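Chemist: Please see the structure below; I have some questions.
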Amino acid sequence: MIKANVILGYSSWKNKIKKPDSYIRFRLKKLSKYSIFKNKKHEFTIFLTSSNKMKKLNKKFRKKNKPTDVLSFPINKNSNKNSYIGDIALSFEIINKRSKLTNFNIEFDKMWLHGYLHLIGYDHKKFKEFKKMNAKENLILNYLKKKIDYKY
């Protein structure tokens, strides 16, 4: 089974998701039967932080002096082994702003799943790669919507 360590680095997250670690654990359990997650035994970390911290991380690691929604730090580009695969950082303010048109949990799921796909080797530098990654994200999110009540 896939395990995620959740680090709360910004208290506003708890205004939307009371127990982020339980939330992610529940999502991963439900997704464990979905093909991309099936029989995987790896671990990653999700850092829930602010746009200010994301701006600092983006500047340090990508040389871009602006906040971003999600950053992924894969340990290994071919991370299908039973091991620690990397870290994901998420911006509360950006996800919260986007959720005004949908739902906070849906936007949160989109972003951590996007980060997870990067950790296991997906990318979107080229249009062909973008289409493949986007299609995979949408398939997973649709599966998740069918299997999980978003009122958590």
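Chemist: Run the numbers on the chain and let me know its relative contact order in percent, using alpha-carbon pairs under 8 Å that are six or more apart.
Modeler: 22
Chemist: Expected output is a single nm value to one decimal: the length gained when fully extending between ARG25 and ASN52, i.e. 0.36 nm times separation in residues minus the C-alpha distance. What is it?
Modeler: Numbers: separation 27, 0.36 × 27 = 9.72 nm, distance 2.66 nm.
The span from ARG25 to ASN52 would gain 7.1 nm if fully extended.
Chemist: Hey, what's the chain come to in accessible area per residue, 1.4 Å probe, Å²?
Modeler: Numbers: 9080 Å² over 152 residues.
Per residue, the chain has 60 Å² of solvent-accessible surface.
Chemist: List the residues whose amide H sits under 5 Å from the amide H of GLY86, counting only those 5 or more places along or on another chain, with H placed 1.01 Å from N in the peptide plane.
Modeler: Close amide H contacts, sequence-distant or interchain: THR45, ILE75.
Chemist: For ILE7, enumerate residues with amide H under 5 Å from its amide H, sequence gap 5+ or separate chain, H modeled in the peptide plane.
Modeler: ILE46, PHE47, LEU48
Chemist: Moving to a separate point now. If you take every DSSP beta bridge whose two residues both sit in the chain, what share of them, in percent to the nearest 5, is antiparallel?
Modeler: 30
Chemist: Under the Karplus relation 6.51 cos²θ - 1.76 cosθ + 1.60, θ = phi - 60°, what is the ordered set of whole-Hz ³J(HN,Hα) values for the stretch 53-68, x standing for Gly and Pro?
Modeler: The phi angles translate into 5, 4, 4, 5, 5, 5, 5, 5, 9, 10, 6, 10, 8, 7, x, 9 Hz.
Chemist: How large a share of the accessible area of the stretch 1-128, in percent, is made up of carbon and sulfur atoms when the probe is 1.4 Å and the other protein chains stay in place? Write out the running numbers ahead of the final one.
Modeler: Details: 3720 of 7350 Å².
Using a 1.4 Å probe with all protein chains present, the stretch 1-128 comes out at 51 percent carbon and sulfur.
Chemist: Under 13 Å from the 7 Å Cα→Cβ point of THR68, by amide nitrogen: which residues of the stretch 82-109?
Modeler: 88-91
Chemist: Another question, if that's okay. Only helical DSSP H runs with n ≥ 4 go in: add -39500 (n - 2.57) per run for the chain, normalise by residue count and round the 222 nm mean residue ellipticity to 500 deg cm²/dmol. List each step's numbers first, then the result.
Modeler: Numbers: 6 runs with 72 residues, N = 152.
Dividing the helical sum by the residues of the chain leaves -14500 deg cm²/dmol.
Chemist: Give a residue-ordered list of calculated ³J(HN,Hα) values for the stretch 117-127 (Karplus: 6.51 cos²θ - 1.76 cosθ + 1.60, θ = phi - 60°; whole Hz; x for Gly, Pro).
Modeler: Karplus values, whole Hz, x for Gly and Pro: 4, 4, 4, 9, x, 6, 8, 8, 6, 10, 4.
Chemist: A further question on this structure: Considering the values [x] 0.93; [y] 0.96; [z] 1.01, which represents Rg/Rh (Cα atoms, Kirkwood Rh) as calculated for the structure under consideration?
Modeler: Derived directly from the coordinates: [x].
Chemist: Residue-wise, which Karplus ³J(HN,Hα) couplings in Hz belong to the stretch 108-113, taking 6.51 cos²θ - 1.76 cosθ + 1.60, θ = phi - 60°, and x for glycine or proline?
Modeler: For the stretch 108-113, the Karplus curve yields 4, 4, 4, 6, 6, 5 Hz.
The values are calculated or read from the model by the stated rules, or taken from the named source; none is laboratory data. All figures in this text were calculated on a predicted structure; none of them were measured in a lab. So basically every Cβ, Gly included, is an ideal-geometry build from the backbone, and we count neighbours across all protein chains shown. Calculation scope for accessible area: heavy atoms of the full protein, side chains included, ligands and nucleic acids excluded. Shrake-Rupley method; radii C 1.70, N 1.55, O 1.52, S 1.80 Å.
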